Amino acid sequence: MKAVQYWSLLKYLLVVLRKWVPQNNEQWNLLLHLCMLIDLLFAPHITLGMIECMRDLTEYHMNMHCELYSSKWQVKLRPKHHLLVYMPEVCK
């Protein structure tokens, strides 16, 4: 799939599945934060406040991803995750 197809899938998946997922589900919250991060990255206009929010969301996303998946299923961060660290500076 292309990036825009993944983006659309993420958006529609959140709308379709939100009825059946409890609010305190950690994986669901990680997905919601990822969606917010993606919205910030693809915003047509970016302010300095949005860049700070992007930094916070990136840090949260990386920490939660490691906490949820590294210990249980031995899933490691990929190089593309590391590139997220630099996105606020690129947007600046």
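Rule-based calculations on the coordinates, nothing more; no lab input. Remember, it's a predicted structure, so these values are computed and weren't measured experimentally. Cβ coordinates were reconstructed from backbone atoms using ideal geometry, including for glycine residues, and neighbour counts include every protein chain displayed.
What to note about this one:
- Our helix-only sum for the chain, with -39,500 (n - 2.57) per DSSP H run of n ≥ 4 divided by its residues, gives a mean residue ellipticity at 222 nm of -20000 deg cm²/dmol.
- Low-density loop positions, chymotrypsin sites (Phe, Trp or Tyr not before Pro), the chain - DSSP coil, at most 11 other Cβ in 10 Å: Trp20, Phe42, Tyr86
- Among (1) 13.9, 38; (2) 12.3, 36; (3) 14.6, 42, the entry that matches Rg and Dmax of the Cα atoms in Å as calculated here: (1)
- Max mean-square fluctuation residue, GNM over the chain, Cα-Cα springs under 10 Å, options Lys76, Lys19, Lys11: Lys19
- Net charge of Cβ neighbours under 15 Å - reference Val4; Lys, Arg +1; Asp, Glu -1: +1
- In a fully extended conformation the segment linking Val90 and Glu67 would gain 5.6 nm over its present Cα-Cα distance, using 0.36 nm per residue.
- Contact order relative to length of segment 3-91, as percent, for alpha carbon pairs under 8 angstrom and 6 or more apart: 26 percent
- In terms of its alpha-carbon gyration tensor, segment 1-51 comes out oblate; a/c meets the 1.5 threshold, while b/c is at least as large as a/b.
- Formal net charge of residues neighbouring Met50 (Cβ-Cβ distance under 14 Å; K, R +1; D, E -1): -2
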